[in-house]
1. Residue 412 is checked against (1) modelled with pLDDT of 90 or more; (2) farther than 25 Å from residue 487 by Cα and fails just one. What number does that condition carry?
2. Based on what the data block shows, is residue 11 out of contact with any Gly (no Cβ under 6 Å at 6 or more places or on another chain), of a type in the set (Phe, Trp, Tyr) and closer than 20 Å to residue 102 by Cβ?
3. Go over the candidates 17, 46 one by one and state the one that is outside any strand (DSSP E or B) and either assigned by the TED database to the domain that holds residue 105 or more than 52 Å from the chain's Cα centre (by Cα) (or both).
4. Taking residue 512 as meeting all but one of (1) at pLDDT below 75; (2) open to solvent by less than 80 Å² (accessible area, probe 1.4 Å), write down the number of the exception.
5. Got a sec? Which strands (runs of 3 or more DSSP E) wholly within the stretch 109-214 have at least 3 residues that are crowded, with 18+ Cβ neighbours inside 10 Å, of a type in the set (Lys, Arg) and at pLDDT 90 or above?
6. Name the one entry in 274, 260 that is among the aromatic types (Phe, Trp, Tyr) and in contact (Cβ under 8 Å) with a residue 24 or more places away in the chain.
7. Out of the residues in the stretch 456-473 that are in contact with a strand residue (DSSP E or B) (Cβ under 7 Å, 6 or more places away or on another chain) and not in a loop (DSSP other than H, G, I, E, B), which is farthest from residue 505 (Cα to Cα)?
8. Select from the stretch 363-400 the residues that are within 14 Å of residue 524 (Cα to Cα) and part of a loop (DSSP other than H, G, I, E, B) and write down the one among them that is most open to solvent (accessible area, probe 1.4 Å).
Amino acid sequence: KCRTGPLDIVFVIDSSRSVRPFEFETMRRFMMDIISSLDVGPNATRVGVIQYSSQVQNIFSLKTFFTRADMEKAINSIVPLAQGTMTGLAIQYAMNVAFTTQEGARPLHKKIPRIAIIVTDGRPQDRVTEVATQARNAGIEIYAVGIQRADMNSLRAMASPPLEEHVFLVESFELIQQFGKQFQDKLCGVDMCVEQEHGCQHSCVSTPSSFYCECNPGYRLNADGRTCSPIDACADGRHGCQHQCVSARGSYSCRCRGGYYLNQDKRTCSMIDYCSFGNHSCQHECVSIPNGHYCRCRSGFTLQPDSRSCRATDLCNGVDHGCEFKCVSTEGSYRCVCPDGQQLQADGKACSKCGAGHVDLVMVIDGSKSVRPQNFELVKQFVNRIVDLLEVSPHGTRVGLVQYSSRVRTEFPLNKYHSADEIKKAVMEVEYMEKGTMTGLALKHMVEHSFSELEGARPLSHNIPRIGLVFTDGRSQDDISEWARRAKESGIVMFAVGVGKAVEEELRAIASEPVEQHFSYSADFTTMTHLVENFKLNICPEEGKGEMEIRSPCECEALVQFQTNTVAILQSLTEKNILWACSLAQMTARLEDLEKQIANKK
């Protein structure tokens, strides 16, 4: 058996009328003897056979058979054509058809030798020099075997160089079988990988008169044809790793960023719960973040410089204030407040609720790198305080959340959750994106997707107000003007909330008219709680013929309540002024009395 590795061999057999039947039988035996010495198979040597006379006939192609038994059966079934001798036509067919990948030839880049063995007994009736040159230039190695009456000049014109190794003339058909044994040695040759220094880093594959290098699985051959480099299995992007892909010898593994661990699916990551270790020492609450944790105090308490203990900061936590909604501490006192859209009653504690507000609210929050993980947790608290103001239900207010950085991600659409508790839980599970600040891209996503009926927005014909709130801490890295304009033109009431380095010009461009009522700003994240109060939804819908009306808080009962409160404050101030004036008169009288006493003593 040949030791030179896989080959693609096509026999080109002359079956013209000059070849007598018993002579053709010896040609059959010649082919079968050669095949018997080969290691045939789909990944080893492949064999094809064509015969020619005045025309060309394909007996079987390189992809047809992969066992010697099947090949021998097909060879024994050949019926000679018994016509002319168009050798050039046969070479043309071999080049254009037999040695194509469609017919089973391996691609040229695999460096599998392509060998044509032409067996003829006469002079060609067409030109062979030009077409043989084209075949050799196409990478086909041609062996020309002439029998008895064959023309030596034609054989030399067809064969590959060096001619002394590729041109053979056999005196008679009776001798071709003996010649076949010699030709096997010529075809198989020596193992070139053994005979010379090949320089292959991994493995050497011998071919007739040459060799080529191959790499182990997981490696690819470099341009020098000798050395090998690991294949980057992560490069095609199909690995499915949530965080990082690590290549390793043609394979890969997924790895998580710091502060996360790899899940059982070996692809996705979950944040490490550092608070669960039990060594945080937080007095009130522990909050896990990537690569660590921080302590948080309950409402009404302030975190101390040790970043662990908490202390009450206002009277709201020290007295039974009785506020229905929220108690706000002032210097030495406190006051009750109500959610936006509700009025504080005369007792200073209870709230009058506006009618059930029906809105579609989408909040778009900045998750860029400048926000930082700890501040992003404060942003999520800010979102949940707004949710506390709303009456969430499938037929009432619907809430959606979008986060953006260099890309945009819908955290949950309008039709995902149907209660405030579900929304607040989902908000706290949102993961920080980091990277850039593409506010314009986020506005585009909000207009085209978030307020679509597919994601839960009610049809415009239902007259349900659509409200968009954009939260950002810096200048946008793309243009916002077009999609801010489109948002408002599509009927979305836009609120803009800025913190830190947010650009006022951009906030104003996002906000709806009147701009002063639709944008807010805070110097830093820790002092932005007042922005919740500035975010005025002001929704007081009235039932009427299937339509909804937006009532101004400055009309009707709200105006009366405002007047009543103002009069009460003015009366209180007047009483204090009267008392102060009386006190001043008494002090003046006492001073005059003292002056008289001093004068009498003198």
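The values are calculated or read from the model by the stated rules, or taken from the named source; none is laboratory data. Here the structure is a predicted model, which is why all the values come from computation and not from measurement. Cβ placement follows ideal geometry from the backbone for every residue including glycine, while neighbour counts extend to all protein chains displayed. Calculation scope for accessible area: heavy atoms of the full protein, side chains included, ligands and nucleic acids excluded. Shrake-Rupley method; radii C 1.70, N 1.55, O 1.52, S 1.80 Å.
1. Every condition holds for residue 412 apart from (2).
2. Numbers: out of contact with any Gly (no Cβ under 6 Å at 6 or more places or on another chain): yes; of a type in the set (Phe, Trp, Tyr): yes; closer than 20 Å to residue 102 by Cβ: yes.
When the stated conditions are applied, residue 11 passes them.
3. After ruling out the rest, the residue left standing is 17.
4. The single condition residue 512 does not satisfy is (1).
5. It comes to none.
6. Only one candidate qualifies: 260.
7. Only one residue fits best here, namely 466.
8. 372
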